[in-house]
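S.K.: Quick one: this structure, given as structure tokens, is what I'll be asking you about.
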Amino acid sequence: MPRSPCPFVWYELMTADAAAAENFYQAVLGWQMQDAGMPGMRYTILSAGSTPIGGLMALDEAARAAGALPGWIGYLGVDDVDAAARRVVAAGGSIHVPPDDIPGVGRFSVVADPQRAPFVLFRGATPQAPAQAEPGTPGHVGWHELHAGDGPEALRFYQDQFGWTADEAMDMGPMGVYQLFTTGGEAVGGVMTKSEGMPRPCWLFYVNVESIDAAVERVRTHGGQILHGPHEVPGGSWIVQGLDPQGAMFALVGPRA
């Protein structure tokens with residue numbers, strides 16, 4: 001087990017239409033957009049205020065030919081990408097993109113857990129830790145939710161591989177147990193066995209908004225769909241799950257003002 005828990009440090013959208021996706025998320029979440037200046041491709045840095053929190057890029061032809069669909073993926077910060085990738089495979093996971101370097105940025109590998117939920121292993125070129133916003137800060141990811149093939153088994157994988165800790169467990173009746181987890185400190189997400197309506201295991205990231213109702217209106221005005229919600233969750237916040245105009249699933253969390 002790693003000596004310290006490995007948190008999420010970055011969030012990335014791969015989409016069918018980068019320009020349209022930029023317009024949608026800028027309108028709905030107020031994110032700032034800036035071209036990263038990477039040679040041979042457009043990679044847009046997404047920032048909440050002055051803090052970069054993720055990136056956006058178009059799916060290339062090879063990815064589309066392989067059946068890749070628009071979607072969000074999370075980056076886990078690790079000490080050694082190559083060693084972490086080997087451990088993922090040894091535990092029953094798989095490698096989609098072998099460890100490689102992004103010049104001046106860091107080293108990464110795209111992997112999947114044993115139940116095929118994808119994520120990225122990442123170590124930055126510099127040891128600087130990502131900026132931590134106050135809980136609930138609009139534009140930042142406030143919750144991480146794994147819809148797994150088998151919730152308890154999935155959590156054990158992340159505990160063993162990345163040092164996560166189980167927190168409170170909530171019985172949701174027919175929907176099963178919702179198990180909170182921490183990556184050091186307060187709970188930052190939950191793991192559950194996916195519903196039949198969820199086509200495959202995946203991570204879902206909830207972005208903080210100042211008002212869930214106002215955000216829902218912006219989603220609809222700019223061509224997105226609301227799939228579920230608003231629903232109240234323990235603690236008084238409200239959540240929605242939706243699809244952006246290109247078909248990528250996203251989620252929002254905030255007060256009902």
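S.K.: Within the chain, what whole-number % of the accessible surface is contributed by carbon and sulfur, with the 1.4 Å probe and all protein chains included in the calculation?
M.R.: Looking at the chain in its full context, I get 53 percent from C and S.
S.K.: Using θ = phi - 60° and the Karplus form 6.51 cos²θ - 1.76 cosθ + 1.60, what ³J(HN,Hα) does each residue of the range 85-100 get, whole Hz, x for Gly and Pro?
M.R.: Going residue by residue, I get 5, 4, 5, 4, 5, 4, 8, x, x, 9, 10, 8, 10, x, x, 8 Hz, with x marking Gly and Pro.
S.K.: Just from its helices, what would the mean residue ellipticity at 222 nm be for the chain, if runs of 4 or more DSSP H residues each count -39500 (n - 2.57) and the sum is divided by every residue, rounded to the nearest 500 deg cm²/dmol?
M.R.: Helices in the chain give a 222 nm mean residue ellipticity of -5500 deg cm²/dmol.
S.K.: Quick one: dipole size for the chain, taken about the Cα centre, charges +1 on Lys/Arg Cβ and -1 on Asp/Glu Cβ, in debye to the nearest 20.
M.R.: Rounded to the nearest 20 debye, it is 260 debye.
S.K.: Further, regarding this structure: Relative contact order of the chain: what whole-number percent is it, with Cα pairs under 8 angstrom and at least 6 residues apart?
M.R.: In percent, rounded to a whole number, it is 18.
S.K.: Loop only per DSSP, at most 15 neighbouring Cβ atoms within 10 Å: give me the chymotrypsin sites (Phe, Trp or Tyr not before Pro) in the range 1-55, ordered by residue number.
M.R.: none
S.K.: In the full protein assembly as shown, how much of Ser195 is accessible to a 1.4 Å probe, in Å² to the nearest 10?
M.R.: Per-residue accessible area (Ser195): approximately 60 Å².
S.K.: Just check the chain against the gyration tensor rule for me: Cα atoms, a ≥ b ≥ c as the square roots of the eigenvalues, rounded for a/c under 1.5, and otherwise prolate or oblate depending on whether a/b exceeds b/c.
M.R.: rounded
S.K.: Could you work out, for the range 8-124, what percent of all Cα-Cα pairs fall into each 5 Å distance bin, beginning at 0 Å and stopping at the bin that holds the largest distance?
M.R.: 2, 11, 18, 24, 20, 15, 7, 2, 0
S.K.: Could you sort Ser50, Ser4 by accessible area so the largest value comes first, with the probe set to 1.4 Å?
M.R.: Descending accessible area places them as Ser50, Ser4.
S.K.: Another one. Could you provide, to the nearest whole Å², the per residue accessible area of the range 105-191 with probe 1.4 Å?
M.R.: It amounts to 49 Å² per residue over the range 105-191.
S.K.: Hey, another quick one. Only Cα pairs under 8 Å and at least 6 apart count here; give the relative contact order of the range 140-254 as a rounded whole percent.
M.R.: Relative contact order of the range 140-254: 25 percent.
S.K.: With loop defined by DSSP as not H, G, I, E or B, and exposure as at most 14 other Cβ atoms within 10 Å, which is the longest segment of the chain clear of exposed GluC sites (Glu not before Pro)?
M.R.: It works out to 1-185.
The values are calculated or read from the model by the stated rules, or taken from the named source; none is laboratory data. Treat the numbers as computed from the prediction; the structure is a model and nothing was measured. Because the Cβ atoms are built from the backbone with ideal geometry, glycine has one as well, and the counts that use them run over all protein chains shown. Keep in mind that these areas ignore ligands, DNA and RNA; they rest on the heavy atoms of the full protein, side chains included. Shrake-Rupley method; radii C 1.70, N 1.55, O 1.52, S 1.80 Å.
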